[in-house]
Structure formats: C-alpha cells, structure tokens
1. Somewhere in the stretch 86-95, is a residue over 16 Å from I6 (Cβ atoms), at pLDDT below 95 and surrounded by fewer than 11 Cβ atoms within 10 Å (Cβ to Cβ)?
2. Within the stretch 20-56, work out how many residues are among the aromatic types (F, W, Y), open to solvent by 10 Å² or more (accessible area, probe 1.4 Å) and under 23 Å from E82 (Cβ atoms).
3. Six or more apart or on different chains, Cβ under 7 Å: which pairs go from a residue in the stretch 62-91 that's farther than 19 Å from L39 by Cα to one that's among the polar types (S, T, N, Q) and surrounded by 15 or more Cβ atoms within 10 Å (Cβ to Cβ)? Could you list them?
4. May I ask you to verify whether D68 is open to solvent by 40 Å² or more (accessible area, probe 1.4 Å) and either outside any helix (DSSP H, G or I) or in contact with a His (Cβ under 8 Å, 6 or more places away or on another chain) (or both)?
5. Checking the condition closer than 18 Å to I91 by Cα and touching a residue at least 40 places away in the same chain (Cβ under 8 Å), which residue from A21, A48 passes?
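The values are calculated or read from the model by the stated rules, or taken from the named source; none is laboratory data. Since this is a predicted model, take the numbers as computed values, not measurements. Note that we place each Cβ from the backbone using ideal geometry, even for glycine, and neighbour counts take in every protein chain shown. Ligands, DNA and RNA are stripped out before the accessible areas are found, and what is left, the full protein with its side chains, is counted by its heavy atoms. Shrake-Rupley method; radii C 1.70, N 1.55, O 1.52, S 1.80 Å.
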Amino acid sequence: MKYELITIGGKERAIRYGFWALAQFCDLCNIKLSQLTQLEQDLDLKKAIYLIYVGLQDGARKSGTAFDLTVEDVADFIDEDETIISKALEIFGKFQAKPKKPTKTLKKK
C-alpha cells in the first residue's frame, strides 16, 4: 500500500504507516517495535498525536509533497475535529493487516 488520503486542517493529505513511520513513532514514544501490537490498549492522547504526525510525515515523503507540520499543528487539527484520531487509527490498522496468502487450487486433469 503506497499511502492513503485523509482530510486534516481542511486539506487532503497523504498518510502512511510504513516501517520508517513506525521507527519514528517508536523513537518519539520510547517504545519497542514489539509493543506496537499492544498499541490499541495502551494508546494515550500524546501517542495518538505522534502516531498521526509520523503517518502524515511518511505520507508526504511517499507522495512527494512538502511536509511543514509540527506535532503541535496536528494536535490543533485534532482540537478542531476529534474524528481525525479514529480515521487515522483505521488507516493505521489497514497498514498493519497481514495480506492473506493466496490459496492453492488443484488443476483437474
């Protein structure tokens, strides 16, 4: 998956949760990669803001657009529209979902 689009601050922006975004998130929140599986249970507001921030940053990188937001800007956008959190978490979940392995079909002779 390349990236998705999300409307934040009245503007459609690319958002992506590749390994670079996850690495940045782990650094910002001082957590280990293995702790990402517990994220849904342990996600506080500050972590949610950072998660959205790194997703937007990585989305801008992959879409080739300039990234000029701060973490504070992201928090301000959430102040204006709290649904951003649930929308971003839904996109995060899509990036974390494991693709299904194709099933083998038997050829009849």
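1. No, the conditions are met nowhere in the stretch 86-95.
2. So the count comes out to 2.
3. Here the result reads F67/Q57, each pair linking the stretch 62-91 to a residue that is among the polar types (S, T, N, Q) and surrounded by 15 or more Cβ atoms within 10 Å (Cβ to Cβ).
4. Judged against the criteria, D68 is a match.
5. So the residue among A21, A48 that is closer than 18 Å to I91 by Cα and touching a residue at least 40 places away in the same chain (Cβ under 8 Å) is A48.
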